[in-house]
Amino acid sequence: MSGDPSDRAVGSGADVSPFAGFLSIRQVRKGFDGSSLVRIGEFDVVEGEVMALLGPSGCGKTTTLRMVAGLSPPESGSIAVAGRLLDGPGVYVPAEQRNVGMVFQDYALFPHLTVEGNIRFGLDSRSANSASRARDMMELTRLTHLADRRPAELSGGEQQRTALARSLAPNPHLLLLDEPFSSLDASLRKDLRREVRRILQATGVTTILVTHDQDEALSMCDRLALILDGEVQQVGTPRELYWSPRNENVARFIGDVNLLPGTADGSLVVDSVLGRLPVQKARTGPVQVMLRPESIQVSYPEDQASVMARVLDVEYYGHDQVLNIHLQSGEELLARRDAIQPFLPGQTVSVRPVGVFPVYEANRG
């Protein structure tokens, strides 16, 4: 099927029922220059949840968002929102008829309009409800005192909230956020994440957030989908992807990771230099066990029966510290500890793993 919308019937969409999610994507493909960039077999977003599309630059997450928005139709497959088929065989619903709101990376505010004017832009300005809806959105996003200001007179965070209010004003079925915090400095990003999360919870709008920032995905979203090389690698809660990544690629992308060699005997225990480690899945033969730095407890030496190591260096962050430690067996591991107990390079420490760990087949390459 051609990706050109002119090759398809353009209409209001069809009501469909076979889709499991509020947003359902089935067998979607999108390519550029003869290559297949995005390949999504089955992907669903539950009504009312905030879903992150996480991945590195160029992995296909923004392309996926644009397909959902109707800005870049898929070459094949189907997309449905709220049981309504928007893309599929013989069906293409234009972006303006999808009832999908979108906040772009640069906010795309109209410079000649005030905050209130920008928010009312997508509404019927002649309607008595337009002004009331704009006031409600300004109150929700804490912009009421800035109603008469233009974008050039706003801070980055205020512009971001204005763009969000404008997208929410028409009461969309689905809200799409494309790297909405990327142009802000680190401290403002953290504050705005909390603020936007509050707004999304207050409205209950189903939301997809595109980001390459792991902290954003883990802290803001109910679930996240990790996309690598145009394919969804794993979908789950932040806790699931952080502590039970499906494969090494997922483990390495989300947070710091240690991969420790071991030997499995078909049970839920693996032999390693840190002793017998409980694992999440039974395997046999050479394996790699994944340990997050938080899973490695480091303390002052307790007894000779402990696994002993030497601190190579310390990264101090105020609220916590990351120790690079060298085991007597030769392996190096990262361990994250609170910053209350000081550790120094060259210090001998005792090491103990805590948890039940993901395990993968050893890399034979």
Checklist entry - For the range 335-365, which residues satisfy the criterion of being part of a strand (DSSP E or B), hydrophobic (A, V, I, L, M, F, W, C), in contact with a Pro (Cβ under 9 Å, 6 or more places away or on another chain) and touching a residue at least 60 places away in the same chain (Cβ under 8 Å)? => result PHE357
Next on the checklist: Here are the criteria: (1) assigned to a strand (DSSP E or B); (2) surrounded by 14 or more Cβ atoms within 10 Å (Cβ to Cβ). Tell me which single one ASP313 does not satisfy.
Outcome noted: (2)
Checklist entry - closer than 30 Å to ILE227 by Cβ, at pLDDT 95 or above and surrounded by 14 or more Cβ atoms within 10 Å (Cβ to Cβ), is that true of LEU334? => result yes
Checklist outcome for this item: Across the range 76-129, the tally of residues that are surrounded by fewer than 22 Cβ atoms within 10 Å (Cβ to Cβ), of a type in the set (A, V, I, L, M), in contact (Cβ under 8 Å) with a residue 12 or more places away in the chain and more than 19 Å from LEU175 (Cα to Cα) stands at 2
Checklist entry - Does any residue of the range 296-304 turn out to be outside any strand (DSSP E or B), surrounded by 15 or more Cβ atoms within 10 Å (Cβ to Cβ) and either touching a residue at least 12 places away in the same chain (Cβ under 8 Å) or out of contact with any Pro (no Cβ under 8 Å at 6 or more places or on another chain) (or both)? => result no
Checklist entry - Considering the range 40-65 alone, what residues qualify as being open to solvent by 60 Å² or more (accessible area, probe 1.4 Å) and farther than 22 Å from GLN97 by Cα? => result GLU42, SER57, GLY58
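Return the residue satisfying two criteria in turn: it lies in the range 177-193 and is part of a loop (DSSP other than H, G, I, E, B) and touching a helix residue (DSSP H, G or I) at 6+ places or on another chain (Cβ under 7 Å), and of such residues it is most open to solvent (accessible area, probe 1.4 Å).
The extreme case among them is SER183.
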Next on the checklist: Which of the strands (runs of 3 or more DSSP E) found entirely inside the range 194-290 contain at least 1 residues meeting this: surrounded by fewer than 15 Cβ atoms within 10 Å (Cβ to Cβ) and in contact (Cβ under 8 Å) with a residue 40 or more places away in the chain?
Outcome noted: 275-278
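Each row is one residue, and each column tells you yes or no for (1) modelled with pLDDT of 95 or more; (2) not assigned by TED's automatic domain parsing to the domain that holds THR64; (3) not small (Gly, Ala, Ser).
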position	(1), (2), (3)
ALA169	no, yes, no
ARG197	no, yes, yes
ALA202	no, yes, no
ASP229	no, no, yes
PRO238	yes, no, yes
TYR242	yes, no, yes
VAL270	yes, yes, yes
Checklist entry - Going by the conditions given, is VAL91 among the β-branched types (Val, Ile, Thr) and assigned by TED's automatic domain parsing to the domain that holds MET67? => result yes
Checklist entry - What number goes with the only condition from (1) crowded, with 19+ Cβ neighbours inside 10 Å; (2) assigned to a loop (DSSP other than H, G, I, E, B) that VAL68 does not pass? => result (2)
Checklist entry - If you go through the range 140-151 one residue at a time, how many are open to solvent by 100 Å² or more (accessible area, probe 1.4 Å) and either at pLDDT below 95 or more than 19 Å from LEU192 (Cα to Cα) (or both)? => result 4
Next on the checklist: Looking only at the range 306-333, count every residue that is out of contact with any His (no Cβ under 9 Å at 6 or more places or on another chain) and farther than 16 Å from SER272 by Cα and tell me the total.
Outcome noted: 13
Checklist entry - Tally time: how many residues in the range 125-152 are part of a helix (DSSP H, G or I), more than 27 Å from LEU71 (Cα to Cα) and touching a helix residue (DSSP H, G or I) at 6+ places or on another chain (Cβ under 8 Å)? => result 6
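The values are calculated or read from the model by the stated rules, or taken from the named source; none is laboratory data. Note that the structure is predicted; figures quoted are calculated from it, not measured. In this analysis, Cβ positions are derived from the backbone assuming ideal geometry, glycine residues included, and neighbour counts consider all displayed protein chains. With ligands, DNA and RNA removed, areas are computed over all heavy atoms of the protein, side chains included. Shrake-Rupley method; radii C 1.70, N 1.55, O 1.52, S 1.80 Å.
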